[in-house]
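Written below as structure tokens is the structure these notes are about.
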Amino acid sequence: MPRAAKAARFVQIGTDEVYGSLGSEGKFVESTPLSPNSPYAATKAAADLLVQSYVRTFGFPAVITRCSNNYGPYQFPEKFFPLMITQAMSGEPLPVYGDGLNVRDWIHVEDHCSGIHAVVVKGRDGEIYNLGGECEMHNIDVVHSILDAFSRPRTLVRYVQDRLGHDRRYAIDCSKSKSELGWSQQWNFDRGLRDTIRWYRDNRAWLEGVRTGAYMEYMKRQYDDRTVLMQSLSTGASSN
């Protein structure tokens, strides 16, 4: 246990999912009340609260970060970016939950890592720091960007039944991290997407090594067994 080991600092890597879902306006700040909507988000919120209790009860030197959605090299292919990239790379259908209009704030993994390093070095014990990419995009717009990068038709989009507890919009205000830690993002979306696509193209052997039978079974459960939405929805989105 970090407390028994007398750790100099413990960093709890959290997620913006603990804040719940936003409407069409506003952003999450560190003081936004916790309102998790999925079992995963609830466990992450509980972990954050447990860490805070140790800070307040024992003076434990801990800091909490809450990041937005990550993308970049080495990400396991069930995640959104690598899934869409690998499907587009092979010319196979790209499964998109619901209407594809859920909004996420995307942060390149290197920016997230530099943020964690800044928290370790400059963060204050007991504080929470949001780390976001300040890059809000509809899921379907990300998919279209990936298809365009591979010169694939948008008719490859396949809308599937939305997942349970799927929050509509996340947006991170990371001004506290910028002002207190001197941290800032170095990757914009266009550069990050190009770099990520190039990495998966150059590392197909790694990709095939992790796309095992267990992975394919997961894909079938997650997407193939879901009901495909009305053809008119697919046709309408592909023409936008």
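The values are calculated or read from the model by the stated rules, or taken from the named source; none is laboratory data. From a predicted model like this one, the values you see are computed outputs, not experimental measurements. Positions of Cβ are generated from backbone atoms using ideal geometry, with glycine treated the same way; all protein chains shown enter the neighbour counts.
Please work out which residue is nearest to the chain's Cα centre (by Cα), limiting yourself to the stretch 8-35 and to residues that are under 20 Å from G115 (Cα atoms) and at pLDDT below 95.
Of everything passing the filter in the stretch 8-35, R9 is nearest to the chain's Cα centre (by Cα).
Taking E217 and the conditions (1) modelled with pLDDT under 95; (2) more than 27 Å from N37 (Cα to Cα); (3) exposed (fewer than 13 other Cβ atoms within 10 Å of the Cβ), which numbered condition does it fall short on, given that it satisfies the others?
Every listed condition holds for E217 apart from (2).
Kindly establish whether K178 is surrounded by fewer than 19 Cβ atoms within 10 Å (Cβ to Cβ), in contact (Cβ under 8 Å) with a residue 12 or more places away in the chain, basic (K, R) and closer than 30 Å to V55 by Cβ.
Taking the combined requirement at face value, the residue does not satisfy it.
Could you run through the stretch 94-120 and say how many residues are touching a residue at least 24 places away in the same chain (Cβ under 8 Å) and either of a type in the set (S, T, N, Q) or surrounded by fewer than 17 Cβ atoms within 10 Å (Cβ to Cβ) (or both)?
6
Could you look through the stretch 1-60, keep only residues that are in contact (Cβ under 8 Å) with a residue 24 or more places away in the chain and among the acidic types (D, E), and pick out the one that is farthest from G132 (Cα to Cα)?
D48
Those residues that are of a type in the set (G, A, S), in contact with a Leu (Cβ under 8 Å, 6 or more places away or on another chain) and closer than 18 Å to V119 by Cα, I need them from the stretch 36-69; list them, please.
Hit for the stretch 36-69 is S68, nothing else.
For the list (1) in a helix (DSSP H, G or I); (2) of a type in the set (S, T, Y); (3) at positive phi, I need the number of the one condition that Y54 fails.
(3)
Can you confirm whether the stretch 53-69 contains a residue that is of a type outside the set (K, R), surrounded by fewer than 21 Cβ atoms within 10 Å (Cβ to Cβ) and under 30 Å from L207 (Cα atoms)?
No: zero hits.
How many residues does the stretch 69-83 contain that are assigned to a loop (DSSP other than H, G, I, E, B) and among the polar types (S, T, N, Q)?
Of the residues in the stretch 69-83, 1 are assigned to a loop (DSSP other than H, G, I, E, B) and among the polar types (S, T, N, Q).
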